[in-house]
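Take a look at the structure below.
The values are calculated or read from the model by the stated rules, or taken from the named source; none is laboratory data. Source: prediction; values computed, not measured. Neighbour counts are summed over all protein chains in view; Cβ atoms, including those assigned to glycine, are modelled from backbone coordinates with ideal geometry. Only protein heavy atoms, including side chains, enter the accessible area calculation; ligands, DNA and RNA are left aside. Shrake-Rupley method; radii C 1.70, N 1.55, O 1.52, S 1.80 Å.
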Amino acid sequence: MVTKPSKSEETYAKILEAATVQFLLNGYAQTTTREIAKALKITQPAIYHHFGDKETLFVEVIKRVGNQVMTDMMAILDQTYPQPVDQLVALTEVIITRHPRDVFSLIHGSFDALSPQHQQELGMVFGRNYVMPIAQFFSQEVVPLREGIDSKMASSFFITSLSPLFSDFHALNGTTTMHERIQQLLDLILYGLLNR
């Protein structure tokens, strides 16, 4: 027998969904609980009843999205690709699909407004759900890293280098698909600008 979610559980889920859209599009500072409440046609106190405050709601959103990202990336890591870079492209597509704006800036850009506890929680989410799967790719040694660069360092650098993908401003030409833009950026990240 399947039990139907209670009204409270439904409201919780709707708040989380609406907050996800707002926070991912606008970031922490530019999103208000008033906007979220308005989108749902509920009161701000209803949001605070379920989440306590804006910080807690934001952390829950990032945890939820981060878990989705990690699940999707781990599925990609379980697959075999003809070329290793194709797997890295697929991993990058997961991040781009889940985040309409730069994930690194979204998470770390919120730190000044968050309590130390929430900063620590988000740092752990970022490390576990974003850095770790990409580091796992680099630890496979299918793309040899330079001496002195470990897989975690490569992963962190890689994620912070994805910002051009979140804006059309950096598109090399207006006719490329997102997949092609990812391939172009990965080529630059992995092989640089200079012909050696």
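So here's what we get for this one:
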| read-out | value |
| --- | --- |
| Sequence of ILE15, ILE96 when ordered by accessible area, the most exposed leading, probe 1.4 angstrom | ILE96, ILE15 |
| Whole-percent carbon and sulfur share, accessible surface of the chain, 1.4 Å | 55 |
| Listed residue (THR160, PHE111, THR175) projecting farthest to the positive dipole end of the chain, Cβ model | PHE111 |
| Violating pairs (Cα-Cα greater than 32 angstrom) within the set LYS41/LYS152; LYS7/LYS54; LYS7/LYS152; LYS4/LYS63 | LYS41/LYS152; LYS7/LYS152 |
| For the chain, size of Cβ-based charge dipole, Lys and Arg +1, Asp and Glu -1, in debye | 520 |
| Contact order relative to length of the chain, as percent, for alpha carbon pairs under 8 angstrom and 6 or more apart | 20 |
| Additional length obtainable on full extension of the chain from SER161 to GLU147, 0.36 nm per residue less Cα span | 3.0 nm |
| VAL85 accessible area, 1.4 Å probe, all protein chains in place, Å² to nearest 10 | 50 |
| Gained length - ASN195 relative to THR32, 0.36 nm times residue gap less alpha-carbon distance | 53.9 nm |
| Most positive-pole-ward Cα, GLY52, PHE23, HIS99, against dipole of the chain from beta carbon charges | GLY52 |
| Rounded to 10°, Cα long-axis angle of helix 54-77 versus longest principal axis of the chain | 40 |
| Cβ-defined net charge surrounding LYS41, 15 Å radius [Lys, Arg +1; Asp, Glu -1] | +1 |
| C-alpha center-to-center spacing [segment 1-39, segment 118-161] in angstrom | 30 |
| In degrees, nearest ten, helix 151-160 long axis to first principal axis of the chain (Cα) | 70 |
| Accessible area per residue in Å² at 1.4 Å probe, computed on segment 102-185 | 56 |
| Segment 10-26 - phi-based ³J(HN,Hα) in whole Hz, Karplus 6.51/-1.76/1.60, Gly and Pro as x | 5, 5, 4, 5, 5, 4, 4, 5, 5, 5, 4, 4, 5, 5, 5, 7, 10 |
| 222 nm mean residue ellipticity, helices alone, for the chain (DSSP H n ≥ 4; -39,500 (n - 2.57); rounded to 500) | -20000 deg cm²/dmol |
| Distance histogram in 5 Å bins (all Cα pairs of segment 1-82, percent per bin) | 3, 14, 22, 20, 13, 11, 8, 5, 3, 1, 0 |
| Ranked order, ARG128, ARG146, ARG98 - accessible area, probe 1.4 Å, largest first | ARG146, ARG128, ARG98 |
